[in-house]
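The values are calculated or read from the model by the stated rules, or taken from the named source; none is laboratory data. Please read all numbers here as calculations on a predicted model, not as lab measurements. All Cβ positions, glycine included, derive from the backbone under ideal geometry; neighbour counts span all protein chains shown. Areas reflect the complete protein model, heavy atoms only, side chains present, ligands, DNA and RNA absent. Shrake-Rupley method; radii C 1.70, N 1.55, O 1.52, S 1.80 Å.
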Amino acid sequence: NGVSGTWTVAPDGLSVFQTVTGNLPTFFVSDVDLFGRQFIGRMRVENDADDDFIGLVFGFQSNVSNGKPDSYYYLGWKKANQVAVGSTNFGEAGFKLLRVINSANLNANDVRNLMWDGENGTNIQVLARLDGTNTLGWALNTDYDFTTFYETNGQIAVSIRETATGLVRWQANVSDPV
């Protein structure tokens with residue numbers, strides 16, 4: 001209950017590997033500033049014990065009073081439709097690009113429910129989505145290349161491709177004038 005993920009940074013510092021998933025939202029926070037830069041990476045799921053969300057967080061800002069995550073963008077990709085354990089929130093298979101705001105004072109379960117539900121509300125806004133059918137989910141042991149570009153003026157571009165085939169699984173360009 002309330003377990004966070006465990007992340008291991010590669011010796012060269014160029015990648016991270018999550019060895020333990022959490023039952024609450026968990027993400028690795030890098031000290032590299034990516035505002036106004038293109039960020040390219042690769043995602044892969046090697047453990048078939050779960051079908052949770054994978055993705056990335058960018059534009060991260062913590063609350064100055066308590067140091068907790070407060071404002072960020074979350075690109076989430078769910079393998080299959082699923083109701084969250086201990087909740088009625090429904091996570092749809094597929095992609096969502098969310099803007100999360102003023103979340104630092106929420107308790108851990110509220111943040112979990114917010115992320116799982118992924119729908120517009122007081123602390124969250126859906127900027128782009130492609131979801132609803134299990135055919136949109138990620139596949140086990142498959143590499144996916146992602147590209148994100150985020151400018152401080154709110155211009156965001158994301159793309160996810162299957163590495164082996166080059167097939168574009170999802171891409172979106174949005175403007176979020178924050």
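Restricting attention to the range 102-138, the residues that are touching an Asp or Glu at 6+ places or on another chain (Cβ under 6 Å) and within 14 Å of residue 169 (Cα to Cα) total 1.
The residue list 33, 110 contains one member that is free of Cβ contacts under 8 Å to residues at least 24 places away in the same chain and in a helix (DSSP H, G or I), which is 110. Scanning the range 113-134 for residues that are out of contact with any Phe, Trp or Tyr (no Cβ under 9 Å at 6 or more places or on another chain), modelled with pLDDT of 80 or more and either of a type in the set (D, E, K, R) or outside any helix (DSSP H, G or I) (or both) yields 119, 121, 122, 123, 125, 126.
Of the residues 102, 141, which single one is part of a loop (DSSP other than H, G, I, E, B) and either out of contact with any strand residue (DSSP E or B) (no Cβ under 8 Å at 6 or more places or on another chain) or of a type in the set (D, E, K, R) (or both)? Break it down into steps so the answer makes sense when it comes.
Details: 102 fails: either out of contact with any strand residue (DSSP E or B) (no Cβ under 8 Å at 6 or more places or on another chain) or of a type in the set (D, E, K, R) (or both).
Being part of a loop (DSSP other than H, G, I, E, B) and either out of contact with any strand residue (DSSP E or B) (no Cβ under 8 Å at 6 or more places or on another chain) or of a type in the set (D, E, K, R) (or both) holds for just one of 102, 141, which is 141.
Scanning the range 44-89 for residues that are hydroxyl-bearing (Ser, Thr, Tyr) and at pLDDT 85 or above turns up 62, 65, 71, 72, 73, 74.
Counting the residues of the range 1-23 that are at pLDDT below 85 and outside any strand (DSSP E or B) gives 8. Only one of the numbered conditions (1) touching a residue at least 60 places away in the same chain (Cβ under 8 Å); (2) open to solvent by 70 Å² or more (accessible area, probe 1.4 Å); (3) of a type in the set (A, V, I, L, M, F, W, C) is not met by residue 53, and that is (2).
All conditions but one from (1) modelled with pLDDT under 90; (2) open to solvent by less than 30 Å² (accessible area, probe 1.4 Å) apply to residue 153; the one that does not is (2).
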